[in-house]
Amino acid sequence: MKAEVIGRKSIKFTNSLVNNTVLIIIVALIAFAGYALWDSKQLHYAADKSHYAVYKPTVEDEGKSFKELQAINDEVFAWLTVYGTNIDYPVTQGPDNMKYVNTNAEGQYSLSGAIFLDYNSSKDFSDFSSILYGHHMAKKVMFGELDEFADRNVFDTHRYGNLYFNEKDHGIEFFAFLHTDAYDSDVFTSNVKGEKRQIYLDGLLEKAMHIRDIGVTIEDRIILLSTCSETTTNGRDLLVGRLSDETYDNQIGKDTNDRSESIINGNRDTLVKTIPLWAILLILILAVYLIIRTLDIYSNRKEVRKHEKDTEAAISS
């Protein structure tokens, strides 16, 4: 009889240990998944244009806030906007093309990096060709929207942008979109000079998926926005435009110069998205706990009933 009691206690202890271990593992997995989701949201929020909106140069403040950003990081020197998209960021240039792959515009380590000009290009954009790089990220942050220009309708309707540098706005008129390889030296060559300009321009137009004839010549200045492509290994998507002293109006959607509302919307969206996430996680944890406890109680009751039957059988005999 004593052996039976010990056996039942051992089974009960084992069941409880297994249930609690399973509970701990499930809670740990849910917590890890929650952290991963939270970390991903933080990464995308840190790279969202609303994070930098307070620094955007405007006519009203005469670049005061932009200068504050430059005081934080003196390698910030320009601001890029592509009308009708979320591309609305400060531009940096480092000593090489690696620094701003994982450093943001405030000079801090960040996986989202920053928009940066090829280190061989002139900061006054006086070169025939200048290349700007940025990560292709989800949620349409950084250069995450460039691949959408593969759609002819997007390319046709998103024609203009703006580049602020040397305390002045400059217009961008996009005329080509192309997909190529990261090692295509015919494309990824900055500061093309002399007779090579025509060869370079002809090569871009030949490779282009979409073209808009705006009369670009070798006397113009062209700017290439480059990002990784998800469609091919080592693929790159590039949006190409002509830079000019003439500026263009933003005729697509709401003007992106409303910095305060952009910040408010960004913070509100982050709050709205974060609260339900943690609420769902807490509910899941509670549900798993209740399921485990229910199974544990059921197991205990089963053991009690078995013990009662064994006792009755022993008395009857």
Under the Debye formula (equal points on every Cα, no solvent term), log10 I(q)/I(0) of the range 57-256 at q = 0.09, 0.12, 0.19 Å⁻¹: -0.30, -0.56, -1.56
Relative contact order (%) - criterion: Cα under 8 Å, at least six apart; region: the range 57-256: 22 percent
Too-long pairs where the Cα-Cα distance tops 32 Å, listed order kept, from 67/196; 67/99; 123/207: 67/196
Cα Rg, Dmax (largest Cα-Cα span) when computed across the range 131-229, Å: 13.8, 41
Estimated distance in nm for a label pair at residue 230 and residue 291, the labels positioned 7 Å out from Cα along Cα-to-Cβ: 3.0 nm
Net dipole in debye of the range 122-229 [+1 Lys, Arg Cβ; -1 Asp, Glu Cβ; about Cα centre; nearest 20]: 200 debye
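Counting Lys and Arg as +1 and Asp and Glu as -1, what is the net charge of the other residues whose Cβ lies under 15 Å from the Cβ of residue 101?
-1
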Pair residue 108, residue 154: separation of 7 Å Cα→Cβ label points (nm): 2.9 nm
Positive-end residue, the range 57-256 charge dipole about Cα centroid, Cβ charges, pick of 103, 233, 65: 233
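Taken together, the values in this text are just the output of simple stated rules run on the coordinates, not laboratory data. Given the structure is predicted, the values throughout are model-derived calculations rather than measurements. Note: ideal-geometry Cβ built from the backbone for every residue, glycine included; neighbour counts use all protein chains shown.
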